[in-house]
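Heads up, the thing below is written out as structure tokens.
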Amino acid sequence: MSIRLRFAAVILSLLLVIGLVAGCGGGSTTESADKGDQEKSTPKQEEPAKEENTEPIKLGGIFDITGGTGDVGAPYAEGATAYVKWLNENGGVNGRQIDLEGIDYAYKIPQAVEAYKKLVYQQKAPAILGWGTGDTEAMVPFISKDKIPYISGSLSETLLTVADHPYNFMVAASYSDQARVILKYIKDNAQEEQPKVALIYNDTGFGKSPIADAEAFAKEIGVEIVDKEVVDLKALDATSQLLNMDKAGANYAIIQETSNATATILKDAKKLGLDTKFFGLNWTADEISLKLMGDAAEGYIGVIPFAFPYEDVAGMKDVEEGFALTGKSLDELNQKHIQGWFSAMVMMEGMKRAGDDVTGENIKKGLESMNEFSSGDLAAPVSFSADSHRGSSKVKLYQVTDGQWTPITDWIGYK
Amino acid sequence: MRLRNPFVMESGVFTTNYRDDMAFHYPMLAKLRVAAIMLLLFLLPVYAGTYLVSIANLVGIAIIGSLGLNILTGFTGQISIGHGAFLGVGAYAAGFITAKMGLPFWIALPAAGVITAAVGAIFGIPSLRLKGLYLAIATLAAQVIIEFVIAHWDGVTNGVHGMFLPAPQLFGFTLDNDVSYYYLVLVVCIIAAMFAFNLFRSRVGRAFVAVRDRDLAAEVMGINLFKYKIMAFALSSFYVGVAGALWGHYLRIISPEHFTIAVSIQYLAMVIIGGLGSVMGSIYGAVFITLLPIVLREIAGLFSTYFPNIETIILGLKEAVFGTTIVVFLIYEPEGLARIWQNIKDYFKLWPFSY
């Protein structure tokens, strides 16, 4: 009998130990959830009602840091992170800290889906900052069902149809709008009676995005599209396409590529001695492309929706402060840092306007209440409404003179 | 078979009739183990959160696809670098049937398999003349051609804008959340694995293996090489098509960006790391490759509380780890995880007499 008793005691103590371990395990998980909030480490001593209001708010980030577009994706992610850090230093959102959980998805869609589910189902993030066109599109059914406001690095016009994409917001002019602004600019400034324009793009969703809209708009304002050329994103030679374009008699060309292909196009054009005037959308025009192009860049005009870090605008003081927290100074930054910073800023403004009940729906309402939201000229003022998530259709045009991007217009639209 | 003590070690298989001889699992313990795993799998959504279920969905779809590739590459010896594109064929075929023709999902799923099988068989025709590296390049051509067709056949695929798919409906249920979708994936996955297991106990499967081991000898023995090679391509593509249909309806939106050569390479990595010519290997490989980035990220997160900034270092290492894993497997265990698991089991079975 004593043996049996001892056996029961052993079993009981085992159960106790298991229970304790499980309890501790539970404790440690809640603790780690609080870890993002390092400044205030004693939320447990406050009353439960108060605790609810000071708990950090999760914010999801699906970034490309190591993948195919990591060259511009990493600074974008750094910019968003720096903004959140800066915001937390300055009181957070309605007195609550923001806990940004950024996940690197390496530009692979299955990993983006997995990251999304982790952020929304496990971390309960009410809003997400995303990145590429393909993965943003892949999230659309999920974010509409889960009601998660989503600001993407992609500026594809398709994301702007509110009926299909009710939770997507775009903080700057879409690719189509950028192309329209260029066409309008060509029309207004051309010496020729009938300017002839060529479109150079790549055969992906990103590349083709503005093409149809640009053609329609050109017809509307009486600009002739004489040629369309496909240049691969990784092309190291564009001579044959440029010769074709020259044969078609284009005086102007609009490029929708990334930095590498743009550099190839401009260098080959210089080599061939073409006198075509080149324009590029935002991913063709930044510090990287300038470096790659060398002196072939002279006179090239680019669409710049976000300010350069060396520009003297009101909002840059906060950027400097924010990046000082991460140990970086302004001269280490590039324009994509500013884009990430600004995207996070817009999202946080929506969260601020959502009030105390931070749900996806309220953030959406908050974002939709934004009217001419100014960031101190880091980007064009942003306005959203219930039936338009087009933050802005205004951009600045910059021209390369003496190896430096210099503005030639203020914020302009096409209307 | 007599009911034996289920906790004794198995020490050999002694059967007295053909029925027992045909069985998958001989000892009672093995049968119980399978039943327990099945139970755990079916109850997964009860004890795991939605996030884990969503990972399980990704893993399940990867398992079906890698089973398909393993039938072709592991069992028949025909290499293919076009499976990412075949995945796309399945996804678009199913999408066209449900979204544009309005037919129900239970028709679209097998139909996607059949259509992909047909496409795969066509691209398998060169396999009669081409072997090894040459065949690899021919299937690479399939990848390029199919990707181009998907991007440019706007009438069917909506081109680069992508195609919206409805949530699948089965028996009046709409499978629009992770848990319900999990059961769909799980059931298809089990059927796929069972079929693959049994295939290699059948005449066709044995012919595949004969073709892999030495196609000339197989032909001498009377195996119609052309027929079986095409059949392997078709069957493999059927699996991948089904996986594609599931993947497309899980995402609910598909575009050419989802089916690039990177996907093909990832599937090849699954098959190699899991174990060529092993059904369980496909499963281990799919689980391994799908979980690798997640686990690395979690480890980075864990360490970042003690060593700040380690996250950025480990993030950069992710691709390197992926590549290194493949190299290490190729050198030290070309037969993959399936073999490692077998070795572990053998060790315990034979211990302390390891010979």
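The values are calculated or read from the model by the stated rules, or taken from the named source; none is laboratory data. From a predicted model like this one, the values you see are computed outputs, not experimental measurements. Cβ sites come from the backbone with ideal geometry, for glycine too, and all protein chains shown count toward neighbours. When the accessible area is computed, the model is the full protein with side chains, heavy atoms only, and any ligands, DNA or RNA have been set aside. Shrake-Rupley method; radii C 1.70, N 1.55, O 1.52, S 1.80 Å.
Averaged per residue, what accessible surface does chain B expose to a 1.4 Å probe, in Å²?
On the way: 18010 Å² over 355 residues.
I get 51 Å² per residue for chain B.
With r as the distance between the Cβ atoms of B:ALA30 and B:ASN224 and R0 = 35 Å, compute the FRET efficiency 1/(1 + (r/R0)^6) and round to 0.05.
Working: r = 37 Å, r/R0 = 1.05.
Plugging the Cβ-Cβ distance into 1/(1 + (r/R0)^6) gives 0.45.
Considering chain A, what Rg and Dmax in Å follow from its alpha-carbon atoms?
In Å, with Rg to one decimal and Dmax whole: 25.3, 109.
Any idea of B:PHE96's accessible area? Nearest 10 Å², probe 1.4 Å.
About 60 Å², ignoring ligands and nucleic acids.
In the Gaussian network model of chain A, springs joining C-alpha atoms below 10 Å, which of A:GLN123, A:GLN399, A:GLN178 carries the largest mean-square fluctuation?
Per the Cα network of chain A with a 10 Å cutoff, A:GLN123 tops the list.
First select every other residue whose beta carbon is under 13 angstrom from the beta carbon of B:PHE24; then total the charges, Lys and Arg +1, Asp and Glu -1. Working shown, then result.
Numbers: positive: B:ARG19, B:LYS31, B:ARG33, B:ARG201; negative: B:ASP20, B:ASP21.
That works out to +2.
Taking the Cα centre of chain A as origin and charging only Cβ (+1 Lys, Arg; -1 Asp, Glu), how large is the dipole, in debye to the nearest 20?
On the way: 40 positive and 60 negative charges, 242 e Å.
Computed charge dipole of chain A: roughly 1160 debye.
Under unit Cβ charges (Lys, Arg +1; Asp, Glu -1), what dipole magnitude, rounded to 20 debye, does the stretch B:61-207 have relative to its Cα centre?
680
What is the Rg over Rh value, at two decimals, for the protein assembly as shown, using alpha-carbon atoms and the Kirkwood definition of Rh? Write down the numbers at each step before the final one.
Numbers: Rg = 29.2 Å, Rh = 28.8 Å.
Using Cα coordinates only, the ratio equals 1.01.
What does the buried accessible surface come to for A and B, summed over both chains, with the probe at 1.4 Å? Round to 100 Å². It would help to have the intermediate numbers written out before the result.
Numbers: alone 18850 and 19370 Å², together 35540 Å².
The A and B chains share an interface burying roughly 2700 Å².
Summing +1 for each Lys or Arg and -1 for each Asp or Glu, what net charge is found among the other residues whose Cβ lies under 13 Å from the Cβ of B:VAL59?
Details: positive: A:LYS117; negative: A:GLU114, B:ASP178.
So the surrounding residues net to -1.
How much net charge surrounds A:LYS196 when only other residues with a Cβ under 15 Å from its Cβ are counted (Lys, Arg +1; Asp, Glu -1)? Show your work: numbers first, answer last.
Numbers: positive: A:LYS187, A:LYS219, A:LYS228, A:LYS247, A:LYS277; negative: A:GLU192, A:GLU193, A:GLU215, A:GLU224, A:ASP227, A:GLU229, A:ASP246, A:ASP275.
With Lys, Arg at +1 and Asp, Glu at -1, the neighbours total -3.
Specify which residue in the list B:ALA338, B:ILE253, B:ILE64 is farthest towards the positive end of the charge dipole of chain B, using unit charges on the beta carbon of Lys, Arg (+1) and Asp, Glu (-1), about the Cα centre.
Checking the options against the dipole of chain B, the answer is B:ALA338.
With no solvent and one equal point scatterer per Cα, compute the Debye intensity ratio I(q)/I(0) for the stretch A:98-171 at 0.13, 0.15, 0.22, 0.24 Å⁻¹ and report its log10, rounded to two decimals.
With one equal scatterer per Cα and no solvent, log10 I(q)/I(0) is -0.32, -0.43, -0.97, -1.15.
Out of A:GLY60, A:THR284, B:TYR181, whose Cα points farthest toward the positive end of the dipole of the protein assembly as shown (charges: +1 Lys, Arg; -1 Asp, Glu; placed on Cβ)?
B:TYR181
Per-residue accessible area for B:HIS161 at 1.4 Å probe radius, Å² rounded to 10?
100
Taking chain B as a Gaussian network, where each spring joins two C-alpha atoms under 10 Å apart, which residue of B:ILE191, B:ILE331, B:ILE97 fluctuates the most?
B:ILE331
Expressed in nm², what is the orientationally averaged projection area of the convex hull enclosing the Cα positions of the stretch A:190-348? Mind dumping the intermediate values first?
On the way: hull surface 44.9 nm².
Directional mean of the projected Cα hull area for the stretch A:190-348 stands at 11.2 nm².
If one puts a single equal scatterer on every Cα of the stretch A:57-130 and applies the Debye formula without solvent, what log₁₀ I(q)/I(0) results at q = 0.11, 0.27 Å⁻¹?
With no solvent term, the Cα-only Debye profile gives -0.27, -1.17.
Label B:ILE265 and A:GLU320 with points 7 Å out from Cα along Cα→Cβ: what is the distance between them in nm?
Placing both labels 7 Å along Cα→Cβ, they lie 4.3 nm apart.
Between the stretch A:100-170 and the stretch A:281-317, how far is it from one alpha carbon centroid to the other, in angstrom?
27
Provide Rg and Dmax in Å for chain B, with only Cα atoms included in the calculation.
Calculated on Cα positions, Rg and Dmax stand at 21.5, 67 Å.
Starting from the eigenvalues of the Cα gyration tensor, five times each then square-rooted, give me the equivalent ellipsoid semi-axes of the stretch A:348-415, largest first, whole Å. Before the final figure, lay out each step's value.
Details: eigenvalues 202, 34, 12 Å².
After scaling each eigenvalue by five and taking roots: 32, 13, 8 Å.
Give me the orientation-averaged projected area of the Cα convex hull of the stretch A:257-415, in nm², one decimal.
Result: a mean projected hull area of 11.1 nm².
Find the centroid of the Cα atoms in the stretch A:191-232 and in the stretch B:115-187, then give the distance between the two in whole Å.
So the two Cα centres are separated by 32 Å.
Subtracting the Cα-Cα distance from 0.36 nm times the residue separation, let me have the gained length for A:ASP387 to A:LYS145 in nm, one decimal.
Length gained, A:ASP387 through A:LYS145: 85.3 nm.
Spin-label point model (7 Å from Cα, Cβ direction): what's the B:GLU319 to B:TRP106 distance in nm?
Between B:GLU319 and B:TRP106, the simple spin-label model gives 4.6 nm.
Can you give the FRET efficiency to the nearest 0.05 for B:THR50 and B:PHE200, using r as the Cβ-Cβ distance and R₀ = 60 Å? Write out the running numbers ahead of the final one.
Numbers: r = 36 Å, r/R0 = 0.60.
For B:THR50 and B:PHE200, the calculated efficiency is 0.95.
Please calculate the 1.4 Å probe accessible area of B:VAL119, with all protein chains present, and give it to the nearest 10 Å².
40
First compute the accessible area of the stretch A:159-276 with a 1.4 Å probe, then give the percent of it belonging to carbon and sulfur atoms.
Values: 2250 of 4790 Å².
So the carbon and sulfur contribution to the accessible surface is 47 percent.
Roughly speaking, what % of Cα-Cα pairs in the stretch B:14-123 are separated by over 18 Å, rounded to a whole number?
Details: 4103 of 5995 pairs.
That fraction is 68 percent.
Obtain the nm distance between the two label points defined at A:ASP331 and A:ILE408 by a simple spin-label model: each point lies 7 Å from its Cα along the Cα-to-C-beta direction.
2.9
Could you do me a favour and compute the accessible area per residue for chain A, 1.4 Å probe, result in Å²? Could the numbers behind the result be given before it?
Working: 17540 Å² over 415 residues.
Heavy-atom accessible area per residue stands at 42 Å².
Mind checking which of A:THR81, A:PRO141, A:ASN94 is farthest towards the positive end of the stretch A:71-172's charge dipole, using Cβ charges of +1 (Lys, Arg) and -1 (Asp, Glu) about the Cα centre?
After comparing all options, I get A:ASN94.
Does the stretch A:57-183 come out rounded, prolate or oblate, given a ≥ b ≥ c as the square roots of the eigenvalues of its C-alpha gyration tensor, rounded meaning a/c under 1.5 and, failing that, prolate meaning a/b above b/c?
Values: a/c = 1.40, a/b = 1.31, b/c = 1.07.
Here the stretch A:57-183 falls in the rounded category.
Counting only protein heavy atoms and a 1.4 Å probe, tell me what percentage of the stretch A:69-157's accessible area is made up of carbon and sulfur. Walk me through the intermediate numbers first.
On the way: 1040 of 2170 Å².
About 48 percent, which is the carbon plus sulfur part of the accessible surface.
Give, ordered by residue number, each residue of the stretch B:225-261 whose 1.4 Å probe accessible area is reduced by a minimum of 30 Å² on adding the remaining protein chains to the chain alone.
Relative to the lone chain, where solvent access is computed with a 1.4 Å probe, the stretch B:225-261 loses at least 30 Å² at B:TRP247, B:TYR250, B:LEU251, B:ARG252, B:ILE253, B:GLU257, B:HIS258.
Go ahead and estimate [θ] at 222 nm for chain A from helices alone: -39,500 (n - 2.57) per DSSP H run with n ≥ 4, summed, over the residue count, rounded to 500.
Details: 14 runs with 182 residues, N = 415.
Result for chain A, helices only: -14000 deg cm²/dmol.
Students often get this wrong, so check it: of A:LYS145/A:LYS328; A:LYS117/A:LYS267; A:LYS271/A:LYS396, which have C-alpha atoms separated by over 32 Å?
In this structure, A:LYS145/A:LYS328; A:LYS117/A:LYS267 exceed 32 Å between Cα atoms.
With charges only on Cβ, +1 for K and R and -1 for D and E, what is the dipole size of chain B about its Cα centre, in debye, rounded to 20? Present the calculation step by step, with values, prior to reporting the outcome.
Working: 21 positive and 17 negative charges, 197 e Å.
Dipole about the Cα centre, nearest 20: 940 debye.
Anyone know which of B:TYR267, B:TYR239, B:TYR228 comes out most mobile in the 10 Å Cα GNM of chain B?
Looking only at B:TYR267, B:TYR239, B:TYR228, the largest GNM fluctuation is found for B:TYR228.
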